[in-house]
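Colleague: Pasting a structure below so you can have a look.
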Amino acid sequence: MSAKTGRARPMSPEARREQILDAAVPLLLERGAEVTTRELADAAGIAEGTVFRAFPDKDALIDAAIARVMDPTEILAFLDGVDPALSLEAKIEVIVSALHGRVSGVVRFMTALGPREHARHTGSDGHGHRKPPLAEATGVVERLLAPDAARLRVPVATAVDYLRILVFGTTMPFLTTGGASDPSELADFILHGIAKEGD
C-alpha cells in the first residue's frame, strides 16, 4: 500500500467537494457524526487540511452530506423513466419500491447522525421541512397513474397523496409497531385495501 503524499492532486473546488462527499456519506452512515475530519480525509485519500479548504468546518461537511442524501434528483429521474404503459399493478410496485427505498435511506442516514445533527439540520423550531412527505415525487407519480385514472376509486391526485403518505408513514420507525414494512406488501395493500377479496 502506497503512502499518501500529503498533497492532493489538482482538482476544481466543486470536484474536490464531490470527492470528499463520495467518501463522507458512507463513512457517516457507518460512524455517525462522531467521525473525525482525519477519518474523513483518510477515507477520501487526501490530507486533513484539504477537507478544510473544501468545507469551512465539519458541520458544513455534514450539512452538504445531508443535502446530497436528501437530493431527489436520482429518484425523480428513475421514476421519470418508468413506462406509463405498464399495468397499474406493475407501476404501483415500482413506484412504492422506489419511494420506500428513498425514505429508508434517508431515515438510516439521519438515524446514524443522531438527534443533535437532526435537530440542527431541521432548525431549533423543529419545522425545517415544511413540504409534505415525498412531495417532490407528486408530479411524476401523477403522470404515471394518469393513464389508469378510470381504474382508480379516487382522483389521481388523491391516490398519489394516499400513496405518498402510506409509503412515508410505514417507513418511519417511530410510527410503526410491527418492524420494517415490506414494499411489495405495501404496494399490494395500496392496490387492494385492507379487506380480503370478496368481503
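Colleague: If each residue of separation counts as 0.36 nm, what is the full-extension length gain between Phe52 and Glu14 once their alpha-carbon separation is subtracted?
Modeller: Roughly 12.3 nm would be gained on extension.
Colleague: Hey, what number do you get for the chain at 222 nm if only DSSP H runs of n ≥ 4 count, each worth -39500 (n - 2.57), divided across all residues, to the nearest 500?
Modeller: -19500 deg cm²/dmol
Colleague: Once you mark the trypsin sites (Lys or Arg not before Pro) that are in a DSSP loop and have at most 16 other Cβ atoms within 10 Å, what is the longest gap between them in the chain?
Modeller: Of all site-free stretches, the longest is 8-129.
Colleague: Here's another thing I want to ask about it. Which of Met172, Ser184, Leu86 sits farthest toward the positive end of the charge dipole of the chain, with +1 on the Cβ of Lys and Arg and -1 on the Cβ of Asp and Glu?
Modeller: Working it through, the farthest residue towards the positive pole turns out to be Met172.
Colleague: Taking R0 as 41 Å, what FRET efficiency do you get between Lys196 and Asp63 from their Cβ-Cβ distance, rounded to the nearest 0.05?
Modeller: Once the sixth-power term is evaluated, E becomes 0.30.
Colleague: Still on this structure, please answer the following. How large is the dipole of region 13-67 about the Cα centre if only Lys and Arg carry +1 and Asp and Glu carry -1, each at its Cβ, rounded to the nearest 20 debye?
Modeller: In total the dipole reaches around 120 debye.
Colleague: Within a 10 angstrom radius of the beta carbon, how do Ser104, Ser12 rank from fewest other beta carbons to most?
Modeller: Neighbour counts put them in this order, fewest first: Ser12, Ser104.
Colleague: From the phi angles alone, apply the Karplus equation (6.51, -1.76, 1.60; θ = phi - 60°) to region 137-154 and give each ³J(HN,Hα) in whole Hz, x where the residue is Gly or Pro.
Modeller: Couplings: 8, 4, x, 5, 5, 4, 5, 5, 8, 3, x, 9, 3, 5, 8, 8, 7, 10 Hz.
Colleague: Quick check for me: using +1 on Lys/Arg Cβ and -1 on Asp/Glu Cβ, what's the dipole size of the chain about its Cα centre, in debye to the nearest 20?
Modeller: My answer is approximately 660 debye.
Colleague: Which ³J(HN,Hα) values in Hz, rounded to whole numbers, follow from the phi angles of region 158-166 under the Karplus curve 6.51 cos²θ - 1.76 cosθ + 1.60, where θ = phi - 60° and Gly and Pro get x?
Modeller: With the stated coefficients, region 158-166 comes to 5, 4, 5, 4, 4, 4, 4, 5, 5 Hz.
Colleague: What number comes out for the charge environment of Leu76, summing +1 per Lys or Arg and -1 per Asp or Glu over other residues with Cβ under 13 Å away?
Modeller: -3
Readers should treat all values here as calculations from the given coordinates under stated rules, not as data from a laboratory. Predicted model only: the values in this text are computed from it and were never measured. Here Cβ is always computed from backbone atoms with ideal geometry, including for glycine, and neighbour counts include all displayed protein chains.
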